[in-house]
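Peer 1: This is the structure, below, for whatever I ask next.
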Amino acid sequence: MKALVKYADESGALEVRDVPEPVLAPGTVIVRLHTVGVCGSDIHMWQNSQSRSSVGVLPVTLGHESAGTIAAIGDGVSGWSVGDRVVCETAASICGVCPLCRAGRYNLCPQRQGYGLKRDGAMAEYMLAEPRVLHRIPDPVAFETAAMTEPFAVAYNAVVERANVNPGDLVVVQGAGAIGILALQIAILRGAATTVVLGTSIDADRLETAKQLGADHVLDVTQGDPRELVASLHDGLGADLVVDATGVSVALQQSMELVRPGGAIAKVGWGPQPLGFTLDPLVKKAVTLYGCYSHTWNTWEKVLRLFADGKLQTDRVLGGLYPIERWEEAFTAMKQGSHVKSALRMVQP
């Protein structure tokens, strides 16, 4: 089968290869992939700029934003049928017995192995999965929408489950990439009174998308001062919540400048760069800093319900669908800011 494989620890070491199909084992299913979203982490893997705190295996098939159908069912699996439309959580393997797993926080399991990093992922024709990661795609939801469940779940975890936006809040989103734009949608849905999305010059198209999705203010930080903008809003004390979805460490310094005393920062973006600034403002302002990582079963179910009810806009987010052979075009469109989100269509019309 065709798969997009990261084959070496160097920039550009990514190519479509013919690899063996996964072997069905007891207690597993095989999913035939239909649509797979491109994540910023996939682009970092392509350029070998991924955070070194996430150590993977090589070679590995990329992809963890999947939607497809069950193609085969192993012995001992019940409740699922061949042909069921499904999305798959990213935690391909967990220990199931550590205190975090037992408490339902398996996204933090020390033995967790994620698709596209330590386990072969979804940018292939078929993928092996345990039934515990499967979720049914509601009938009204297209594969292209369902493939965005994972990034919306990341945003939901940050904005609802960790930092918890309240009606009337002032929310600032740093970064106009996929997670930032999706966090904007969740914040609006939660009742944020005023939303601000910050980006750079490469984000011109994506900032326009944020505006179309309902952002009250968007700003290119290379052209204006976000501190002045935020100080002009509400009572002038700063944002109730700042969502750092940038992927650069220095953004945290700006977060601390923009957040109000007693407010919160939800840090979603990974930044491998060392910090060169003091964290004293966190103390002086009594700010809560939330690390936001991954998601659990309940997060996925809620996002899928929001899709089914038409509460989340995905058509403005998904900029293009590409066959696997055009993966580089799909990746480049996101890297250059042309798309908020690209996706690979594994099943061709």
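No lab work stands behind these numbers, since they all come straight from the coordinates. Computed from a prediction, not measured in an experiment: that's the story for all the values here. Cβ placement follows ideal geometry from the backbone for every residue including glycine, while neighbour counts extend to all protein chains displayed.
Peer 1: For the chain, which longest stretch is free of loop sites, where a loop site is one of the trypsin sites (Lys or Arg not before Pro) that DSSP puts outside H, G, I, E and B and that has at most 12 other Cβ atoms within 10 Å?
Peer 2: No qualifying site falls inside 53-310, the longest such stretch.
Peer 1: For the range 129-220, what is the charge dipole size about the Cα centre, in debye to the nearest 20, if Lys and Arg each add +1 at the Cβ and Asp and Glu each add -1 at the Cβ?
Peer 2: Dipole of the range 129-220, to the nearest 20 debye: 240 debye.
Peer 1: Here is a follow-up. Tell me, in nm to one decimal, what length is gained between E10 and V82 on full extension, where the rule is 0.36 nm per residue of separation less the Cα-Cα distance?
Peer 2: Using 0.36 nm per residue and subtracting the Cα-Cα distance, I get 22.0 nm.
Peer 1: Once you have a ≥ b ≥ c as the square roots of the Cα gyration tensor eigenvalues for the range 267-349, tell me rounded if a/c is under 1.5, and otherwise prolate or oblate according to whether a/b is larger than b/c.
Peer 2: oblate
Peer 1: Just to confirm a number: summing +1 for Lys and Arg and -1 for Asp and Glu over residues other than L321 whose beta-carbon lies under 14 angstrom from that of L321, what do you get?
Peer 2: In short, -2.
Peer 1: If you don't mind, there's one more thing I want to ask. How far is the Cα center of the range 317-349 from the Cα center of the range 1-67, in Å?
Peer 2: 15
Peer 1: Please enumerate, by chain and number, the lysines with C-alpha under 28 Å from the C-alpha of K285, excluding those fewer than 8 residues away in the same chain.
Peer 2: K267
Peer 1: What is the range 154-291 by shape, rounded, prolate or oblate, if you read a ≥ b ≥ c off the alpha carbon gyration tensor as root eigenvalues and call it rounded for a/c under 1.5, prolate for a/b larger than b/c, and oblate otherwise?
Peer 2: rounded
Peer 1: For a footprinting-style exposure proxy, rank L229, L58 by other Cβ within 10 Å, fewest first.
Peer 2: Least to most surrounded, the residues fall as L58, L229.
Peer 1: Follow-up. Positive end of the dipole of the chain, charges at C-beta (+1 Lys, Arg; -1 Asp, Glu), about the Cα centre: which of C88, Q313, A142 has its Cα farthest in that direction?
Peer 2: Ranked along the dipole, the leading option is C88.
Peer 1: Would you indicate which of (i) 0.92; (ii) 0.98; (iii) 1.05 is the value of Cα Rg over 2.2 N^0.38 Å derived from the coordinates of this structure?
Peer 2: (ii)
Peer 1: OK, next. Taking the Cβ-Cβ separation of A72 and W297 as r and a Förster radius of 25 Å, what is the calculated FRET efficiency to the nearest 0.05?
Peer 2: 0.65
Peer 1: What size of dipole, in debye to the nearest 20, comes out for the range 154-291 about its Cα centre when the only charges are +1 on Lys and Arg C-beta atoms and -1 on Asp and Glu C-beta atoms?
Peer 2: 340
Peer 1: For the range 292-306, just list the computed ³J(HN,Hα) in residue order, Karplus coefficients 6.51, -1.76 and 1.60, θ = phi - 60°, integers in Hz, with x standing in for Gly and Pro.
Peer 2: Karplus-based 3J(HN,Hα) across the range 292-306 equals 10, 9, 6, 5, 10, 3, 5, 4, 4, 4, 5, 5, 4, 5, 5 Hz.
Peer 1: A further question follows. Net charge around A187, counting only other residues with Cβ within less than 12 Å of its Cβ (Lys, Arg = +1; Asp, Glu = -1)?
Peer 2: Taking every other residue near A187 into account, the sum is -2.
Peer 1: What fraction of the DSSP beta bridges in the chain is antiparallel, stated in percent and rounded to the nearest 5? Intermediate results must be reported in sequence, preceding the final value.
Peer 2: Working: 31 of 58 bridges.
Of the beta bridges lying entirely in the chain, close to 55 percent run antiparallel.
Peer 1: Next up: In the Gaussian network model of the chain, springs joining C-alpha atoms below 10 Å, which of I181, I73, I137 carries the largest mean-square fluctuation?
Peer 2: Most flexible of the set in this elastic network: I73.
Peer 1: Between A204 and S51, what FRET efficiency follows from the Cβ-Cβ distance if R0 is 25 Å, with the result rounded to 0.05?
Peer 2: It comes out at approximately 0.40.
Peer 1: When the helix-only estimate is applied to the chain (DSSP H runs of n ≥ 4, each -39,500 (n - 2.57), divided by the residue count), what is the mean residue ellipticity at 222 nm, nearest 500 deg cm²/dmol? Before the final figure, lay out the partial values.
Peer 2: Numbers: 11 runs with 85 residues, N = 349.
About -6500 deg cm²/dmol.
Peer 1: Check V197: other-chain or 5+ apart residues with amide H under 5 Å from its amide H, H built from backbone geometry?
Peer 2: HN-HN under 5 Å from V197: V173, H217, V218, L219.
Peer 1: Give, as a single signed number, the net charge of other residues whose beta carbon lies under 13 Å from the beta carbon of R162, with Lys and Arg counted +1 and Asp and Glu -1.
Peer 2: So the environment of R162 carries a net charge of +1.
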